[in-house]
Amino acid sequence: MQLVQDLFQLDVKKTTRHIIDFITKKTDELRRDGCVVALSGGLDSTTVLALCVQALGNDKVTALFLPERQGGRDTQRFAMMASSHFNVTMKTINITKICRALGTYDFILGRLPTDEARIKLAKKFMHSSGRHAFVEAAVGRPDYLIGHCMASYNSKHRVRCIVAYKYAEEHNLLVAGSAHKSEDLVGLFVKNGVDDNADIMPLKNFFRSHILQIAREIGVPDAICNRTPNPETIPGIDDKYQDFLGIPGEKLDIILHQLENGRKPDEISGTVSLDTSTIEEIRDLVAATAHMRNHSMAPELLS
């Protein structure tokens, strides 16, 4: 979309240099011997991996691959592609036993015998009654099934966060996370999960439309740049923007950018060819998920 190019155009060389300098500076300030990146093989974590390699050298960067038994089929292939492409050691720690001990797989999807059955049921459930389960949970209206689904999904990311920090502390490494603005503003991340907690978040203030430019600048393989944004921990979700929110990622970026710059939903509607009510839902979702961007709420001191 031409509008995406116009709104999100970066001085990509200058921006990339700025991020690389930030990673180098923070690693030195915290007196770490390098960094670790929880790698999924998706655009975000691969871009962070590449930036860390440019900042510190491939010998000081570890890719941490944290699979579990319900994970996406292609995840390992893309993670291996990314680590090999940037000549980084990939350490694999399977978190299935931890998740099982937590009861993560007690949810109904975990009891189905095949991937095909889990995918079929998940797709039917996520779009039942025309609603999106993620939105229902995010705004505090989950029913029993949605609540248990999100608890199961979220626990995997929180386990990954614990494992990443344990590994980092054992090896005196800095944890580099892969959060970015597009997901943050709509709460499309797991609070206190591996995509929320890190020592540094090099892409935190960038929209996904920015990240694609940075990724291509630093040589992320086209096969990874062209992947759909797939969370991989929920069966049947091929594109989290489309499947959770019903909006393509490019249009979501435009909506968020325009809301941030003070434009009203009815002004944005024609720009992205969506109903005003859809823009209003995104605006309300940004407000409803603000607590996720504030790790611990506390009362003000009384005067």
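The values are calculated or read from the model by the stated rules, or taken from the named source; none is laboratory data. The model shown is predicted, which means the values in this text are computed figures rather than measured ones. As a convention, Cβ positions derive from the backbone with ideal geometry for all residues, glycine included, and neighbour counts pool all protein chains shown.
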Which of the residues that make up the range 260-303 are of a type in the set (Val, Ile, Thr), closer than 27 Å to Lys191 by Cα and assigned to a helix (DSSP H, G or I)?
-> Thr278, Ile279, Ile282, Val286
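Let's see how each residue does on (1) farther than 25 Å from Ser40 by Cβ; (2) touching a Ser or Thr at 6+ places or on another chain (Cβ under 8 Å); (3) of a type in the set (Gly, Ala, Ser):
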residue: Asp199; (1), (2), (3): no, no, no
residue: Ala223; (1), (2), (3): no, no, yes
residue: Asn226; (1), (2), (3): no, no, no
residue: Asp239; (1), (2), (3): no, yes, no
residue: Glu250; (1), (2), (3): no, yes, no
residue: Ser273; (1), (2), (3): yes, no, yes
residue: Leu301; (1), (2), (3): yes, no, no
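Would you check which residues across the range 248-286 are within 30 Å of Arg227 (Cβ to Cβ) and among the small types (Gly, Ala, Ser) and list them?
First, the residues of the range 248-286 that are within 30 Å of Arg227 (Cβ to Cβ): 248-261, 268-269, 271-275, 278-279, 281-286.
Gly249, Ser269, Ser273 - these are the residues of the range 248-286 that are within 30 Å of Arg227 (Cβ to Cβ) and among the small types (Gly, Ala, Ser).
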Determine, yes or no, whether Asp28 is surrounded by fewer than 19 Cβ atoms within 10 Å (Cβ to Cβ), of a type in the set (Asp, Glu), modelled with pLDDT under 95 and assigned to a helix (DSSP H, G or I).
-> no
Within the range 54-66, can one find any residue that is buried (at least 20 other Cβ atoms within 10 Å of the Cβ) and assigned to a helix (DSSP H, G or I)?
-> yes
Picking from Ile234, Ile224, the residue that is at pLDDT below 90, closer than 28 Å to Arg160 by Cβ and surrounded by 13 or more Cβ atoms within 10 Å (Cβ to Cβ) would be Ile234
Determine the pairs where a residue that is in contact (Cβ under 8 Å) with a residue 40 or more places away in the chain, located within the range 88-107, has a partner that is among the acidic types (Asp, Glu) with Cβ atoms under 7 Å apart, the partner being 6 or more residues away or on another chain.
-> Ile95/Glu68; Cys99/Glu68
